[in-house]
Amino acid sequence: MFITFALITLLGALGMLLQKNVIVAGLFMVAAFFGVAGLFVLLANPVAAALQIIVYTGAIMVLVLFVIMMLNSHEEEKAQSSRPVQRWVSVALVAALAFGAVKLVLASPGLKALAQSGAATPEAMTLQKVGVTLFADHLLGFEVAGLLLLAAMIGAVALTKRNL
Amino acid sequence: MSGMDAVPQILSGGLQGYLVVALLLFAIGLAAVLLRRTLLMQFMGVELMLNAANVALLAFARFRGGDSQAMVFYLFIIAVAACEAAVGLALVIGLFRHRDTTDSDRAASLKQ
C-alpha cells in the first residue's frame, strides 16, 4: 500500500514538472495530492487525509484551474532567452540536494531508532484530539491564523479589483 | 554502503520511507520553481514543497505515538498555503492585466 501511494504521489509530481500544458499539469497535481492523502491514511491520520482532499484538491487546485482558464494561458510562452547555464546549475543543485538528503536520512542512526521504537501503529487521530490540542494549547495561534486568512482575503480583493 | 540495509524498511513504509518520499516531493517542487517559467507552474511547485513538509511532519508524529501537536502545525501550514494561494493568484492576475503575460522572465522590471 505504501509503495502504491508513494508512486502515485511522486509520478503525479513528476508529471506536473514535465508537462507543457498547464491545465494537464494541474490535473497531475490533483493526482499527487490524492497520493499524499493516501499516505496520511497509512499514517493513521484520517483527519489530515480528509483535510488534504478538501483544502488542496477541493479549494486550492480548483482556484488555480479557474485562474488558468480565466487567463487563457494553457501553454508555456516561448522563452526570450534559453539561459542554459542557469538551467543546468539549478538541475545540478536540485539533484545534489535530493541525493545528499536521501543519503543522510538512510544513514542516520537516530531515525533508525525512532522508526523501531515507534513501529507499533498508534490510535487513529480523531477530530476531538485535534480540537482539544488546538483550543487548549494553541488558542492564540489559532486566532492569528484566522486574522492572516482575513488579511489575505482583503489583500486578494484589493489586488484584483480595478477601482475600489 | 551503510544505507543499503534500510532499503526493505523503506519499501514497506518505515519512517525513512516517508521521509524519502517527502524529500523527493520537495526536490520536484523546487525543480518546478527553478526550471519552469510560467508563474502558475512555479506556484504549483511551491504548493508541492509545502505538501512535502506536511508529509515529513505527520510521519514524525505517527512514529512518536500519534502526537496531536503535529496536527495543529499541519492546520497552520494549510492556512498559510491558502493565504499564499489567494494572494499569489491575485498577483498573477494583476501581472496579466498590466503585461499580458504569465511568464516570470517577462516580469523582470518594476516599471511599466
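Only the coordinates and a few stated rules stand behind these numbers; no lab work does. Small disclaimer: the values here were computed from a predicted structure and weren't measured. Because the Cβ atoms are built from the backbone with ideal geometry, glycine has one as well, and the counts that use them run over all protein chains shown.
Scanning segment A:23-52 for residues that are of a type in the set (A, V, I, L, M, F, W, C), buried (at least 24 other Cβ atoms within 10 Å of the Cβ) and touching a residue at least 40 places away in the same chain (Cβ under 8 Å) yields a single hit, A:Ala48. B:Thr102 falls short on exactly one of the conditions (1) surrounded by fewer than 19 Cβ atoms within 10 Å (Cβ to Cβ); (2) touching a strand residue (DSSP E or B) at 6+ places or on another chain (Cβ under 7 Å), and that condition is (1).
The residue that is surrounded by the fewest Cβ atoms within 10 Å (Cβ to Cβ), among those in segment A:112-138 that are among the aliphatic types (A, V, I, L, M), more than 8 Å from chain B (Cβ to nearest Cβ) and assigned to a helix (DSSP H, G or I), is A:Ala136. Please indicate, with yes or no, whether at least one residue in segment B:82-90 is facing chain A (nearest Cβ under 7 Å), surrounded by 22 or more Cβ atoms within 10 Å (Cβ to Cβ) and either touching a residue at least 12 places away in the same chain (Cβ under 8 Å) or in contact with a Ser or Thr (Cβ under 8 Å, 6 or more places away or on another chain) (or both). There is at least one residue in segment B:82-90 that is facing chain A (nearest Cβ under 7 Å), surrounded by 22 or more Cβ atoms within 10 Å (Cβ to Cβ) and either touching a residue at least 12 places away in the same chain (Cβ under 8 Å) or in contact with a Ser or Thr (Cβ under 8 Å, 6 or more places away or on another chain) (or both). Residue pairs whose Cβ atoms lie under 8 Å apart, sitting 6 or more positions apart in sequence or on different chains, and linking a residue in segment B:12-29 that is closer than 18 Å to B:Ala61 by Cα to a partner that is among the polar types (S, T, N, Q), are B:Gln16/B:Gln9; B:Gly17/B:Gln9; B:Val21/A:Thr9.
The single condition among (1) more than 17 Å from the chain's Cα centre (by Cα); (2) buried (at least 19 other Cβ atoms within 10 Å of the Cβ) that B:Val55 does not meet is (1). With respect to being of a type in the set (A, V, I, L, M) and either touching a His at 6+ places or on another chain (Cβ under 8 Å) or farther than 23 Å from A:Lys161 by Cα (or both), B:Leu89 falls outside the description.
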